[in-house]
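What follows is a single structure, written as structure tokens, with notes after it.
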Amino acid sequence: MTERDARERICEVSKDLWDRGLIGAAEGNVTCRLDDGRVLATPTGAIKGKLSAQDIACVSLDGECLGPECPSSEIKMHLSIYHHTPARAVVHAHPPAATAFALAGKTIPSRTLPEADMVLGEVALAPFEIPGTADMGEALVPFLPRSAVILLGSHGAVAIAKSLTEAYIRMETLERVARTFLLADRLGGAQKLPEKGVRWLSDF
């Protein structure tokens, strides 16, 4: 993917997040790591549904702003992920149902809904840290080897992937799955998959 294509794709993903109600106004951040190691990022304070390619910020892996705009202070969280994983894309959003799980100190159950395990894998719950600080990024490090989707305590969620499309899919799936579990709770709670379902998932 060229830098121009990546800038345009960040705008598309940002608008999709905004259109789907996974973020509001200037919330959330989307980043993409280029082949040369630079990181493209949504700019600080921007309404994510109204971005254009020239608005996208660029930083080094060390956080140096390379222009034309400066990214959100939450770039520290994204850069921590890039330093500890081979990921090429990170999406941070505030999906309402998934964030409700984080607010309640709960995560998405595994071995219950096949789509959750197949698309999301093991969803971790990171402890709360002040948004925009280096501590926020460090709080994710223990979960990165095994989780591509992490709920952020009292904050939101982050999805990590090899592409912007895959990261977006994980975030949208997280919210749909969270809503499904909340509905199941009204009916007495979700039940675990039968053993044959667990064996089937183990093959993925």
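The values are calculated or read from the model by the stated rules, or taken from the named source; none is laboratory data. Keep in mind that this is a model prediction, so the values were computed, not measured. Quick reminder, even Gly has a Cβ in these numbers, built from the backbone with ideal geometry, and neighbours come from all protein chains shown. Keep in mind that these areas ignore ligands, DNA and RNA; they rest on the heavy atoms of the full protein, side chains included. Shrake-Rupley method; radii C 1.70, N 1.55, O 1.52, S 1.80 Å.
Would you pick out the residues in the range 51-61 that are open to solvent by 20 Å² or more (accessible area, probe 1.4 Å) and either in contact with a Ser or Thr (Cβ under 7 Å, 6 or more places away or on another chain) or more than 19 Å from G132 (Cβ to Cβ) (or both)? Break it down into steps so the answer makes sense when it comes.
At the first step, the residues of the range 51-61 found to be open to solvent by 20 Å² or more (accessible area, probe 1.4 Å) are 51-52, 54-55, 60-61.
Matches in the range 51-61: L51, S52, Q54, D55.
Scanning the range 62-110 for residues that are more than 17 Å from L125 (Cβ to Cβ) and among the basic types (K, R), which turns out surrounded by the fewest Cβ atoms within 10 Å (Cβ to Cβ)?
K76
Can you pull out every residue in the range 1-52 that is among the hydroxyl-bearing types (S, T, Y) and in a helix (DSSP H, G or I)?
The first filter runs over the range 1-52 and keeps only residues among the hydroxyl-bearing types (S, T, Y), leaving 2, 14, 31, 42, 44, 52.
Once the filter is applied, which keeps residues that are among the hydroxyl-bearing types (S, T, Y) and in a helix (DSSP H, G or I), the range 1-52 yields only S14.
In the range 64-106, which residues are modelled with pLDDT under 95 and in contact with a Gly (Cβ under 8 Å, 6 or more places away or on another chain)?
S72, S73, E74
So, in the range 18-48, of the ones that are touching a residue at least 40 places away in the same chain (Cβ under 8 Å) and either open to solvent by 60 Å² or more (accessible area, probe 1.4 Å) or among the acidic types (D, E) (or both), which residue ends up farthest from Y82 (Cα to Cα)?
R20
Return the residue satisfying two criteria in turn: it lies in the range 111-127 and is free of Cβ contacts under 8 Å to residues at least 40 places away in the same chain and within 15 Å of the chain's Cα centre (by Cα), and of such residues it is most open to solvent (accessible area, probe 1.4 Å).
Ranking the candidates gives E122 first.
Which of the numbered conditions does E172 fail, given that it passes all the others? Conditions: (1) without any contact (Cβ under 8 Å) to a residue 24 or more places away in the chain; (2) within 12 Å of the chain's Cα centre (by Cα).
The one condition E172 does not meet is (1).
For the structure I just gave you, tell me whether L193 is over 19 Å from the mean Cα position of the chain (by Cα), of a type in the set (A, V, I, L, M, F, W, C) and buried (at least 17 other Cβ atoms within 10 Å of the Cβ).
Yes; evaluated as a whole, the condition is true for this residue.
Which condition from (1) farther than 22 Å from T173 by Cβ; (2) assigned to a strand (DSSP E or B) is the one that V90 breaks?
(1)
Per-residue answers, yes or no, for (1) in a loop (DSSP other than H, G, I, E, B); (2) touching a strand residue (DSSP E or B) at 6+ places or on another chain (Cβ under 8 Å):
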position	(1), (2)
L125	no, yes
L140	no, yes
R146	yes, yes
L174	no, yes
V177	no, no
L182	no, no
D185	no, no
A190	yes, no
